[in-house]
Amino acid sequence: MSNIPPRLQLKGMTKVYPTVIANDSIDMSIAPGEIHAVLGENGAGKSTLMKAIYGVVKPDRGQIMWDGEVVTIQNPAYARKLGIGMVFQHFSLFETLTVTENIALAMDDYKEMDSLAARIKKVSEEYGLPLDPGQLVHSLSVGLRQRVEIIRCLLQQPQLLIMDEPTSVLTPQAVRKMFETLRRLAQEGCSILYISHKLDEILELCHSATIIRGGKVTGYATPADETASSLARMMIGKELPVCSREKPVMDGEECLAVNSLSKKADDQFGTDLQSINLSVNCGEIVGIAGISGNGQQELLYALSGEHYSDDKGSITIDGKPVGHLNPDQRRDLGLGFVPAERLGRGAVPGMSLSNNAILTAHRHGMVGKGLLKLDRAADFAQKCIADFAVKCGSKKDPITSLSGGNIQKYITGREILQVPKLLVVSQPTWGVDVGAANIIRQAMIDLRNDGSAILVVSEELDELFEICDRLVVIAEGWISPSVTVDETSKEAIGLWMSGMFPGGPTEDKSTTDPKKTG
Amino acid sequence: MFFKIEARPEPSKAMKYFSPLVAALLMLFSGLIIFSLLGKDSIEAFYAFFIEPVNDLYGIGELFIKAAPLMLIGTGLAVGFRASIWNIGAEGQLAIGALFGGYIAIVFNDNSGFFILPLMIVAGAVGGLLWASIPAFLRTVFNANEILVSLMLNYVAILLLGLLVHGPLKDPDGYGFPQSVLFSDSALLPILMEGTRFHLGVLIAVVGVIVGWVLLQKSFTGYQIQVAGLAKNAASYAGFKYKKLIWIGLLSGGTAAGIAGVLEISGPIGQLLPTVSPGYGYAAIIVAFVGRLHPGGILLSSLLMALLYLGGESGQMNLDLPAAVTGVFQGLLLFYLLATDFLIDYRVCFSGFRKEAI
């Protein structure tokens, strides 16, 4: 291997943004046919580095060598010409166009549609990722959409494939399938840059790894020789923290009940809720697993009260029907809610931490005779900052000056400090660093130990298995029966996530094409 | 591209408050250039425009008389603007307020009593409120754009006032002129300062600003209004009633404009005319923004805007400047304010001529 030049070599790559050094002289090298992991927490600089390789951002300093020769990658078109393909974390597909049309748009040289469709069919079957070229993208599941992105890259016969957190939207089964494809590509000589913060995936798939923390390389590793905890140490600089959790109190009274809740989606591409039944008892954490876009958002809007339900008895809190109540009235009955969208929904950008406390906590003595009691709000904010280790200048700082993880800690803290009888949390640790995630999870467990009922919606199976007592799965607007965490496994839940559960939409969406009407 | 515009990593907080001042200075500077292009001596023009109108007690009284409706309407509009409810109809709401208040004055023209003036003010408030409730109703029920509805209703209101002053409300002994009878003393705002026209209405306007300050800065309703304006989804997440906030936003502007209409007819004018406002309802929009939608700022910016009105009049009289000059200054002020506000959040980077990546 020593006399073959590396496929890609980076020397001293540096990119400085006005407030942060995203990449600080990063060196890295990938051989042909190597699957190379780039491991790091959120905000470590992984994505910036990949974008520099793909020509989306210009590095301030540093050298890129391609097959031993120095190159300047000015734009993605040039990167593609070299043989670099990239699958982005967020899809860039037009929902109203077909698979073929979407792929044709990305081809630099115009292809005739019919022959392109035939090629898509051929290549996708070759790699075990079958696709129907004529299908409209909006009717595809998330897993299939990712396939479109991957096939789009494969059609260009890349020498280097960059995959940015590809598994965050996939079921465990679909992940397995994708890994097979990636291994096959590598055997054919294609190098793969695999970006992730999931340690088990890297241990399973990758030949080598570069670990980045705070924009700097903190180590190079051969995953085969490492363990999850040794990789975690390099990634976060300390041991992976674990939450402590006692046995659940299983005899709590029913706090939240959802009784055959059906609802048409407002959005054309939304998911209709199909006769959902669900209950959460006091003193337990129930998790809703599922790939995003399967009705979680619609269900959460119905639970929070941002959308009303036609039948007021379809949702009850503490036995009282609440389907007709607005979020404020439901909070009076003991609801707390942490939405996935932090800024703009869970918090008001442009307001201070202190004023953001008033948003939902105003009922706790912050308003008297119609006037605000700002000192009460400030005390509350101060307590929230202290209890949840929110890193900020002061309670008077605008909430937008905080990092995503700290905003999440603050919003979650604001809801938990009100000691809700029922707490509904969506994506509690999405994009949050490991330390903050641990604080948030522990806080939820503590609240449950104090007798509150908690409902968590998350795409991260690991997280759900760590904190939940019972799990249900949502798929295409249907909800599965519940199972206790001890009785099930990630594989079983993964299967359910594709709709195969008793009373669910039964077809396996990860391998067959869903046909929807309308 | 020769230059590009990029977001500033940390917008300056201080400049959020100073940008109106910068805008005012730029307006002044541009104004001087315009004066000299018109062949006027710019120092003399500056004096005539900005100093002479207020260099005596009478002038200062005039300044406050002009500022009163502006600060009152500006504060009322700010309530809506903070919630991103765009009431452009204050000019019409002012006209209807004047019509309602004026009707009371005409009906009770032969009577005297302390009750007439308060009744006029209440009637004016009700008139403005009713007129503003039309866009509020259409917005909350049919989701009709309140900007268009309130704007178009201005023309309706002004024509309605004109129609009635040309018809039923015309002074029968007025030799056919389109104007109402002169109001009796009971329907006129008492003068508070000898030798000026400084009347009680100025204090009423200041009270209105204080009420607006409590509402916006201190009350829970004001907080909800602000949340709705900054992040509508956060307001609905918290369960604030958005439709209620739309009503509050539009009606407070309408009420303030209606009262301002009464202050005009029972103050400097003293009767109903087909035209009762030199564009106060529009100028108040600028006043509200220059004042940062904050009642304290609006108080100051209303004085600046009043000075532009007085300066315009003085410029016409002393320098033969065209009547449009007031509008030019108002436009310049708004233009510079928008420009400086934009530059708080963004900066222009000159990158020279080079090929940009696609």
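The values are calculated or read from the model by the stated rules, or taken from the named source; none is laboratory data. Computed from a predicted model, the values in this text were never measured in an experiment. No Cβ is skipped: glycine too gets one built from the backbone with ideal geometry, and neighbour counts run over all protein chains shown.
Quick rundown of the values:
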read-out: Residue match in segment A:46-69 (condition: touching a strand residue (DSSP E or B) at 6+ places or on another chain (Cβ under 6 Å) and free of Cβ contacts under 8 Å to residues at least 12 places away in the same chain); value: no
read-out: Residue in segment B:342-354 that is part of a helix (DSSP H, G or I), more than 14 Å from chain A (Cβ to nearest Cβ) and touching a helix residue (DSSP H, G or I) at 6+ places or on another chain (Cβ under 9 Å) present; value: yes
read-out: Answer residue from segment B:230-252, given it is under 23 Å from residue B:77 (Cβ atoms) and part of a loop (DSSP other than H, G, I, E, B) and is nearest to the other protein chains (Cβ to nearest Cβ) among those; value: B:231
read-out: Any strands (runs of 3 or more DSSP E) falling wholly within segment A:1-117 and containing at least 1 residues that are among the small types (Gly, Ala, Ser); value: A:8-17, A:20-30, A:35-39, A:61-66, A:84-87
read-out: Residue tally, condition without any contact (Cβ under 8 Å) to a residue 60 or more places away in the chain, out of contact with any Phe, Trp or Tyr (no Cβ under 6 Å at 6 or more places or on another chain) and at the interface with another protein chain (Cβ under 7 Å from one of its Cβ atoms), over segment A:343-357; value: 5
read-out: Search result, residues across segment A:39-79 that are of a type in the set (Lys, Arg), more than 12 Å from chain B (Cβ to nearest Cβ) and crowded, with 16+ Cβ neighbours inside 10 Å; value: A:46
read-out: Filter pass, residue A:389 being under 27 Å from residue A:430 (Cβ atoms) and within 14 Å of another protein chain (Cβ to nearest Cβ); value: no
read-out: Check on residue B:200, more than 11 Å from every other protein chain (Cβ to nearest Cβ), of a type outside the set (Phe, Trp, Tyr), touching a helix residue (DSSP H, G or I) at 6+ places or on another chain (Cβ under 9 Å) and surrounded by fewer than 24 Cβ atoms within 10 Å (Cβ to Cβ); value: yes
read-out: Options B:322, B:268; residue that is surrounded by fewer than 24 Cβ atoms within 10 Å (Cβ to Cβ), at negative phi and in contact with a strand residue (DSSP E or B) (Cβ under 9 Å, 6 or more places away or on another chain); value: B:268
read-out: Some residue of segment A:423-439 being part of a loop (DSSP other than H, G, I, E, B), modelled with pLDDT of 90 or more, among the small types (Gly, Ala, Ser) and touching a strand residue (DSSP E or B) at 6+ places or on another chain (Cβ under 7 Å); value: no
read-out: Where residue A:327 falls short, out of the listed (1) facing chain B (nearest Cβ under 7 Å); (2) at pLDDT below 95; value: (2)
read-out: Answer residue from segment B:34-77, given it is in a loop (DSSP other than H, G, I, E, B) and not polar (S, T, N, Q) and is modelled with the highest pLDDT among those; value: B:56
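Okay, residues lined up against (1) surrounded by 20 or more Cβ atoms within 10 Å (Cβ to Cβ); (2) out of contact with any His (no Cβ under 9 Å at 6 or more places or on another chain); (3) away from chain A (no Cβ under 14 Å); (4) not hydrophobic (A, V, I, L, M, F, W, C):
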position: B:165; (1), (2), (3), (4): yes, yes, yes, no
position: B:178; (1), (2), (3), (4): no, no, yes, yes
position: B:184; (1), (2), (3), (4): no, yes, yes, yes
position: B:187; (1), (2), (3), (4): yes, yes, yes, no
position: B:208; (1), (2), (3), (4): yes, yes, yes, yes
position: B:223; (1), (2), (3), (4): yes, no, no, yes
